[in-house]
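Worksheet for the structure shown next.
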Amino acid sequence: MAIKSKELAGMLGVSTATMSLVLNHKPGISDELRSSLLARIQEMGYGYMIKEEPQELQEGSPAPMKNIAYLVMSDYQDEGDEAAFFPPVIEGAEREARHLGYHFSIIHMYDEKGSRLRDSIRREEYAGMLVYADVMSQELKKELDAMDIPYVMLDCYDPFVKASSVTVNSQQGIYTAVRYLQEKGHREIGYVATGTARSSLLERRRYFHYAMEDLGLQLNREHDIVTNCRGAKAQEYLELLWKGGVKPPTALLVENDVLAIPVYRALKSAGYRVPEDVSVIGFDGRSICSIMEPTLTTMRIPRRLLGRSLIMLLHNKIDMKARSMEDIPVRLEINAELVEMESVCPVTWK
């Protein structure tokens, strides 16, 4: 004898709303409860009331809510090879997205505050978002949260702003570089930064100070250099510094590989040789390292893995949202790897 779902709910001791979610394969309850109720419904002979589950879509066919947006909130088109950092990250993310059945699209917004998000992104079209911004502010978080779409930040983290992110492990990378120089006999180690207000770069300089102190190395304030510019202007600034009476340390750790170019040129202009007089280490592991003269020792970031990790974390957040699970902010850090080239040599102190 046929019965109504309301009666079946009463027989099983659950609400009619819960019974509707079970019979229609809708999210909103735990997997354990769903499995238990489905089994009991079958045992009671009411399996015919369970709607047939939607068939899996064939590979390559579009599906609603299977789109991921890669939002570029910051204009990263800097001088030289700066923009070349991102294509491998995007490639890794796109490959992993495709593997998981998502369509991947890149949207350039150049809007650090996120004020145009709700006008540019339609909530019903995207299952998740990857977000690149210089800084994760409370203002940007508010706009992202208002979208009600799961998102993960790319190499952008603020301990006071609760948002999931995949970042480079700056502490591990910088510490490894400083310790490597120390093992090569360097006691005078300096740092060169652009002063760019990007959370990842600010973090690198902060961890340089930490590494120097933790390893018992004295940091000369004249060797803690902030150019407040890039490219030719950074070269000019450094030339004036080193030609004007400030002697560079025996080793320099540079904020990123691109900045190492004006560092090389300024050292040469001031009469110093790399690595005989000054050893240099970069950060990021970009293609230019192998064509610089001498080739640049660097801390390599596995950028494709970084991109894949972004999608894997985002996929988990999408799944948790579909199952009405609590969203806990997560920070996943990717370690950097020391790549030894020709720009570092040992120092013997007399």
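All of the numbers you see were taken from the coordinates with simple rules; none came from a lab. Remember, predicted model here, so these are calculated numbers, not experimental data. Here Cβ is always computed from backbone atoms with ideal geometry, including for glycine, and neighbour counts include all displayed protein chains.
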Task: Which of D145, D284 has the fewest Cβ neighbours within 10 Å, and the rest in rising order - done: D145, D284
- [ ] Taking the Cβ of each residue in D224, D319 as the centre, tally the other Cβ atoms inside 10 Å and list the residues starting with the fewest.
- [x] D319, D224
Open item on the list: Given axes a ≥ b ≥ c from the Cα gyration tensor, I'd like to know whether the stretch 206-248 is rounded (a/c under 1.5), prolate (a/b larger than b/c) or oblate.
Closed with: oblate
Open item on the list: Please compute the alpha carbon radius of gyration of the stretch 127-244, then divide it by the globular-protein estimate 2.2 N^0.38 Å. Two decimals is fine.
Closed with: 1.31
Task: Share, in percent, of DSSP beta bridges within the chain that are antiparallel, nearest 5 - done: 10
Open item on the list: Which one, V280, A266, I291, projects farthest toward the positive side of the charge dipole computed for the stretch 237-294 from Cβ point charges (K/R +1, D/E -1)?
Closed with: A266
Task: Segment L33-E337, extension gain: residue separation times 0.36 nm, minus the distance between their alpha carbons - done: 104.9 nm
Open item on the list: Once the cut-off is 17 Å, how many percent of the Cα-Cα pairs in the stretch 5-49 end up in the long-distance tail?
Closed with: 18
Task: Set of lysines with alpha-carbon distance to K233 below 21 Å, sequence-local pairs under 8 removed - done: K243, K247, K268
- [ ] Work out from phi, with θ = phi - 60° and the Karplus expression 6.51 cos²θ - 1.76 cosθ + 1.60, the ³J(HN,Hα) of each residue of the stretch 26-35, listed in order in whole Hz, and give x for Gly and Pro.
- [x] 9, x, x, 9, 6, 4, 5, 5, 4, 4
- [ ] Calculate the dipole size of the stretch 5-49 relative to its Cα centre from +1 charges on Lys and Arg beta carbons and -1 charges on Asp and Glu beta carbons; express the result in debye to the nearest 20.
- [x] 120
Open item on the list: Run the simple label-point estimate for D119 and N316 please: 7 Å along Cα→C-beta, distance reported in nm.
Closed with: 3.6
Task: Debye, to nearest 20: dipole size of the chain, +1 on Lys, Arg Cβ, -1 on Asp, Glu Cβ - done: 360
TODO: Rounded to whole Å and sorted largest first, list the principal axis extents of the Cα atoms in the chain.
DONE: 97, 40, 35
- [ ] Return the long-range amide H neighbours of V330 (sequence gap of 5 or more, or a different chain), with a cut-off of under 5 Å between placed amide H atoms.
- [x] S164, S165
- [ ] Calculate one ³J(HN,Hα) per residue across the stretch 332-345 by plugging θ = phi - 60° into the Karplus curve 6.51 cos²θ - 1.76 cosθ + 1.60, and present them in order as whole Hz with x for glycine and proline.
- [x] 9, 10, 9, 6, 9, 10, 6, 10, 7, 10, 10, 8, 10, 9
Open item on the list: Please list, in order along the stretch 107-118, the HN-Hα scalar couplings obtained from phi with the Karplus expression 6.51 cos²θ - 1.76 cosθ + 1.60 (θ = phi - 60°), rounded to whole Hz, x for Gly and Pro.
Closed with: 10, 8, 10, 6, 9, 4, 8, x, 5, 9, 4, 5
Task: Point-charge dipole on Cβ atoms (K/R +1, D/E -1) for the stretch 225-350, about Cα centre, debye to 20 - done: 200
Task: Gain in span if fully extended, I107 to E293, counting 0.36 nm per residue against the direct Cα distance - done: 63.3 nm
Open item on the list: Taking the number of other C-beta atoms within 10 Å as the exposure measure, put K4, K233 in order starting with the fewest.
Closed with: K4, K233
